[in-house]
Every structure is written in C-alpha cells, then in structure tokens.
Amino acid sequence: MGRIRFSSGTLIPSVSEIVGYKSGLALTRRELLDSVSDEETVRLLDESDHATLVILRSEEFQQIIIDILYRIGNIPSPNYEWPTDELFRKYKRDSRRRKIAGQVIDLFMEFMSSESEKNNPGPVNTPHFLMLVAKTHGVAGVRIAFVFLDIIRNFLHLNPFTKFRSVNWKDTAQLSDLFNTDSLTTQYGQFFAQRHVDYLHGNFDNIDKINWRKFEGLTGEFFARLGFHVDMGPGRDDGNIDMRVWRQDADESAPPAILVQCKREKRKVSKVIVKALYADILNENADSGLIVTSAALSPGAETICRARAYPIQRANRDTLQHWIQSMRTPATGIFLSE
C-alpha cells in the first residue's frame, strides 16, 4: 500500500472532511479527537498541526477514518474485509450457498468487465446484474447477490479514497446540535435527526447530556415511526404534557391514546410527576399516560402506580436504548440514496 504525506495542519481537516462526507455529520476538533479510541492516534492527530510533515500508510489512514465512523455510530463494526472473503465467510457452513456465492462473484466480475459497465460512470447497474443472476441461479442466487452487493456497498463506504457513501445526505448535521440546540427541524426524520439516532446508538451514555427538547424529539420520533400521529407540544408552557399521541386510524379530535411526559434527568422521577400525569389523563379522557425518563421512577412513584392502578406506562433507560437500536440506520438496501 502507498503512503500519504500531510503537511502541517492538514491531517485533521482531511480526516474531518472525509468523516463528515461519509457520515453526513460534522464534528468539531474536540469531538473528532474524542471519537478516536487509540491514545497514540489521538496524540498523532493532536500534534499534527505542529509537525512539519506527517506520513501515514494508506491503510493506517483508512483505519483512523473507520474508527471514527464506528465511534459516531455511522457503521456497525470497526472491522472490515474484502467483499469476496466476507461473502464466503457468511456461507462457510452452507456448502450449497457457498458454491452459488462463488458463481455469483464470478458473474459479478464478468459483468463489471462488460463494455456497458466500463462506460458506466455511476454505481453498479443493480437491476441488470440481478436479472443476469436470476437467469442463471434463480431466487437463491438473487438473494446471495443482494447480500454481496450490500457487502460491496459497505466496503466502498469504508474506503476514504472513494466518493461513494452509503447515504447521499442532502445536508450536513452538526453533532453539537444534539446537545446545544432545541430545534426539532431535520431533513431525515420527523422530530429527531437520523444521524443523531446513529450517534446515540454508539454512544448511549450521552443520552443524559442531550438537549432536553431533543430528548422529547427522540420520543416523538419513535412513535411517529411506529405509525402513530404525534402532536408535539411547544416545549415550554406545555401544561406538563410534552406530546399527545393518537393511533394511526384515530380521529384527532378524539381524546389521545397516550399523554407523554419526558424527563431527561439523572434523578429518579418522583410520585408528584406521576400524580400530575394521572390528573391530566383524567382531564383529557386519554387512554393512558407514559413517562419517558433517562433514569427510572422512584420507589414511591412505582408504588403509587401499582397501588392505585394508574394507567401509566414507564419507558426507562433500558427502554430508550431499545428504541434507539430499533431506529438505527439499517444495513439494508442496495446503494442506498436519500
């Protein structure tokens, strides 16, 4: 592999530009350094501004990019291998599919060498390739071809020397906005940015630090993706009701199915909050209530819910982690673009 030379002050901007392009997420210098797991690499990056020249092997540079992409939740693993090796490994215990996988790889190499693909400046002509696979290997071959194309997509995404990325983001989201702003406006999501979901998937402990309004947005986003209609409150002066939720087919003039109260706090939710939410349920004739907390309910709050049979559900820290897992960008689709 070749070597890359970085003059003074150019290494961090180069890393930042590639990470931002691939992930659609802009990091400050501090956020970038905090996203590097290896202390020696942190020192290398931090001191590169004062070095006359920094020389890295191309695979070392790629590993830095991959490490950061993994730490910010953009990719599911910091490990990678050649697409053919990964495909064979996937089917190593299934001799029939492994044989088909080898044939699919051969067909792909032949297809990529064809004149039509040599003159194609864009990504792989997926429909054409899948049609060829279907003719020779049927449904089983097409399924393996989908897996192989997805592996290739991920492999190209991890390559800092290509312009390919798994999602063609229309904008760049600021990571700092997750913690510092209360805006719920986003191009990728209804109330909460997808890239921030992915970040929290890899950095869940930071759930305590996100902006309180973003915490409400995360809750609203979860219900919206389940198909519920969500009426998000104004954030302040909301009468202690952060959002009202209706089932998809419900008349919105009818009482809500759920009244939601969000508490992004380290301390446990008190019984005063529980009593207030129950009063709101009665007042609005809602079906139930939900307390979403980054901590848990206090023993007293739990006791009063059970003893008085309040129709109040609880979404605690473990529940939030499950929500984020379910909303994380899936590793599916062929050359996905948005």
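Per-structure values
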read-out: Of all residues making up region 269-286, the number that are in a loop (DSSP other than H, G, I, E, B) and crowded, with 17+ Cβ neighbours inside 10 Å; value: 1
read-out: Residue tally, condition part of a loop (DSSP other than H, G, I, E, B) and of a type outside the set (A, V, I, L, M), over region 68-86; value: 9
read-out: Every pair of residues 6+ apart whose Cβ atoms lie under 9 Å, when the first sits in region 125-136 and is part of a helix (DSSP H, G or I) while the second is charged (D, E, K, R); value: His128/Glu117; Phe129/Glu117; Leu132/Glu110
read-out: Members of region 46-67 that are in contact with a helix residue (DSSP H, G or I) (Cβ under 8 Å, 6 or more places away or on another chain), among the charged types (D, E, K, R) and either assigned to a helix (DSSP H, G or I) or buried (at least 18 other Cβ atoms within 10 Å of the Cβ) (or both); value: Asp46, Asp67
read-out: Single residue of Thr172, Thr181, Thr126, Thr162 found to be β-branched (Val, Ile, Thr), open to solvent by less than 50 Å² (accessible area, probe 1.4 Å) and in contact with a strand residue (DSSP E or B) (Cβ under 9 Å, 6 or more places away or on another chain); value: Thr181
read-out: Some residue of region 68-84 being under 19 Å from Ile12 (Cβ atoms), open to solvent by 40 Å² or more (accessible area, probe 1.4 Å) and β-branched (Val, Ile, Thr); value: no
read-out: Filtered residues of region 299-330 (kept if free of Cβ contacts under 8 Å to residues at least 40 places away in the same chain, open to solvent by less than 20 Å² (accessible area, probe 1.4 Å) and either farther than 18 Å from Ala279 by Cβ or part of a strand (DSSP E or B) (or both)); value: Ile312
read-out: Positions within region 15-33 being part of a helix (DSSP H, G or I) and buried (at least 16 other Cβ atoms within 10 Å of the Cβ), in sequence order; value: Val15, Ser16, Ile18, Val19, Gly20, Lys22, Ser23, Glu31, Leu32, Leu33
read-out: Residue match in region 103-114 (condition: in a helix (DSSP H, G or I), β-branched (Val, Ile, Thr) and open to solvent by less than 70 Å² (accessible area, probe 1.4 Å)); value: yes
read-out: Those residues of region 93-102 which are touching a residue at least 24 places away in the same chain (Cβ under 8 Å) and open to solvent by less than 30 Å² (accessible area, probe 1.4 Å), in sequence order; value: Ile100, Ala101
read-out: Given (1) open to solvent by less than 60 Å² (accessible area, probe 1.4 Å); (2) modelled with pLDDT of 95 or more; (3) under 30 Å from Arg71 (Cα atoms), index of the condition Gly189 fails; value: (2)
read-out: Residues being open to solvent by less than 100 Å² (accessible area, probe 1.4 Å) and either part of a loop (DSSP other than H, G, I, E, B) or polar (S, T, N, Q) (or both) - total across region 254-268; value: 7
read-out: Residue tally, condition within 25 Å of the chain's Cα centre (by Cα) and open to solvent by 20 Å² or more (accessible area, probe 1.4 Å), over region 212-247; value: 11
read-out: From the options Gly9, Gly24, Gly2, residue that is at positive phi and touching a Lys or Arg at 6+ places or on another chain (Cβ under 8 Å); value: Gly24
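The values are calculated or read from the model by the stated rules, or taken from the named source; none is laboratory data. Computed from a predicted structure; not experimentally measured. Heads up, the Cβs are rebuilt from the backbone with ideal geometry, glycines too, and the neighbour counts pull from every protein chain shown. These accessible areas exclude ligands, DNA and RNA; they are computed on the full protein's heavy atoms, side chains included. Shrake-Rupley method; radii C 1.70, N 1.55, O 1.52, S 1.80 Å.
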